[in-house]
Each structure stands twice: as structure tokens, then as C-alpha cells.
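Participant: Got a structure for you, written out below as C-alpha cells; questions coming shortly.
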Amino acid sequence: MRVGELARRTGTTIRALRYYESAGLVVPRRLGNGYREYEPVAERLVSQIRELMALGLTVEQTRPFVESIAAGADDAEVRRAALDTYRSTVDGLQEQIRKLTAQRDALDARLVRAEGPAPGGLAGARLPARICYATDGKPVDFGALGPGRSVVFVLPLTGRLEVDLPTGLLEIPGARGASGQAAWFRDHHAELTAAGAARVYGLSAQPGSYLRELVHRLRLPYPLIPDPRLTLAGALPAGTVGDVTRYERLTLIIDQDVVEQVFHPIPEPAAHAREVLRWFTRRAAPPPSRRRIPASRR
């Protein structure tokens, strides 16, 4: 078949076929008039190259497969060539993963340093034993949240549809975006628990009526905790406008009643919640390791 027909049958370009020819992988015979003529097997060779490249192999790495097919090797020979190439490629990917993971961790460390220390020395501390009743009616003791990691995200304030917010309250740091953040934790609640979160709470200094309305309106699968008396004001940062005080926005990861991670400040509440899931995902994933291949199988 001619080069144009081969390109159409395999969904590739004439330029790519020229490249495969220059690499010695799919070589046509030359007719007396100078035209290229491809054997029927060329269609299989090109398809094999394209399939393997879609899996991440380079053109050169497809050579053992292509040469085995072109030579009419039996299935056992093709299989041996395939296994060697697959193992080598997997090892290369594992090494790339290791390098990218180290690069990401280094950038994360720089990000933490750039954001500054956690407010009030919260990281590594214990919250005081204070009991509040959540919107589901159950008591929550901040000094004994239970085994496993708990997510406690702080909502400075949330409005109600029929009530205007008092003037100036939106000037409290991180006050805007409470509903969006609560909705994100709702939409990804199952992912968080699957990634290792034992429980999720939202905390606010607003009265329970505001938080119960929010739970009902957004259909939240986790409870919110009203703390209008600001019983945690000595531990958590708060802002005051006029005579009204509200907690600033932050998120705590608490493990075995010790604050393991603090997210603060949170300039974009809805986007921030993805950081929490990413934090859990990184800790749930096993570290990449290179699988050694016996010399006899290389």
C-alpha cells in the first residue's frame, strides 16, 4: 500500500510515517518510479507503535515489539520482548514519581515557611477540654475528639437568607465564603473519610439557630458546632468588630487530640478545602519504591 493509504488506515500522519522510516522501524520498499510501497504488515507495525506511545513509551522503546512482529517471531519471543520493555518502562516511571514527589514535598515545605507559623503556637498543642453541643444534639469535647484524625474547620460567620448581616462583620479576617466552604466539605465528605478523616466538624461562634439553618439548607452530612460563648477564644484567633467577636477562619487537623496541622490564613475558602483533601491523600499514599527485577529476568 502507498504511504497515504497507510496513514489513513492507522490514523497517523505521513510525517510520522517518515519518522518511523528514518528510525528503521517501518521501512517501505522503493518502486522504480520512486514511490514507497508498504507491505500489509506495516499497518500492524504502525498500530503497535502508536498504542505503545499512548502508554508512555518512546518511539525507540517500541523497537523490540516492532522488530519481533516484522521478523515473524512466535508469541513467546514477542512476550519476552514485551515483558522486558514493560519492566524497564515501569522502573523509569517509578523514578520519575520519586523525583516529582520529592519536588512537591520541597515546594510544600517552602509554602509552609512562606505562610508563617501557625497562630498562637497551635501546631503540636492540645485544645482545651471544652464541651459544646453540635447541631445533631451530641456533645463534642474538644479535648477528647476520639481516635483518628478529626477535621475542624472554623466558620467566622454565616448569614441567613431572611436576615441581613450586621454592618462591619465582613471585615473580620476570612469572614466571607462560609457557605461555599461548608458546601465543599459536603460534596467531598466521602472522599475525606475514605482518605483517612475519622470525622468532620464545622465550628462557629454564631448561635445554634444560624448553624442549624445552614445544615438544613445545604444538607450537610456532618454537624456544625455553635460556640457563641467563645469558649475556645484563648486557643483560636478571633476578630472583633464593634462589640461582636468572631473566630477567624482556619482549619485544624487533630490527631489523637493533638493539633497536627493548621491551615491559616485561608484567603479562598472554597479552594482551600482541596488542600485538606490533598493533605490527607499524601499521607494515605504509600511512598513510591522501585521494584527490583532479578538479573535473570532483565
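Please treat every number below as a calculation from the coordinates, not as lab data. Quick caveat: nothing in here was measured; it's all calculated off a predicted structure. Cβ sites come from the backbone with ideal geometry, for glycine too, and all protein chains shown count toward neighbours.
Participant: Order the peptides 19-27, 86-94 from the highest to the lowest mean number of other Cβ atoms within 10 Å of their residues.
Facilitator: Put in order of decreasing packing, that is 19-27, 86-94.
Participant: Out of the trypsin sites (Lys or Arg not before Pro) in the stretch 196-245, which ones are loop residues according to DSSP with at most 13 other C-beta atoms within 10 Å?
Facilitator: Arg219, Arg229
Participant: While we're on this one: Can you list residues whose amide H is under 5 Å from Leu220's amide H, if they're 5+ apart or on another chain and H is modeled 1.01 Å from N?
Facilitator: Amide H neighbours of Leu220, under 5 Å, 5+ apart: none.
Participant: For Tyr19, what charge total do you get from the other residues with a beta carbon under 14 Å from its beta carbon, if Lys and Arg give +1 and Asp and Glu give -1?
Facilitator: Numbers: positive: Arg15, Arg18, Arg36, Arg50, Arg63; negative: Glu21, Glu60.
Summing Lys/Arg as +1 and Asp/Glu as -1 gives +3.
Participant: Near the amide H of Leu203, under 5 Å away, which other amide H atoms are found, from residues 5 or more places off or on another chain, if H is placed in the peptide plane?
Facilitator: Phe153, Val154, Leu155, Ile225
Participant: Only four residue types carry charge here, +1 at the Cβ of Lys and Arg and -1 at the Cβ of Asp and Glu. Report the dipole size of the stretch 3-92 about the Cα centre in Debye, rounded to the nearest 20. Write down the numbers at each step before the final one.
Facilitator: Numbers: 13 positive and 13 negative charges, 75 e Å.
Around 360 debye, computed over the stretch 3-92.
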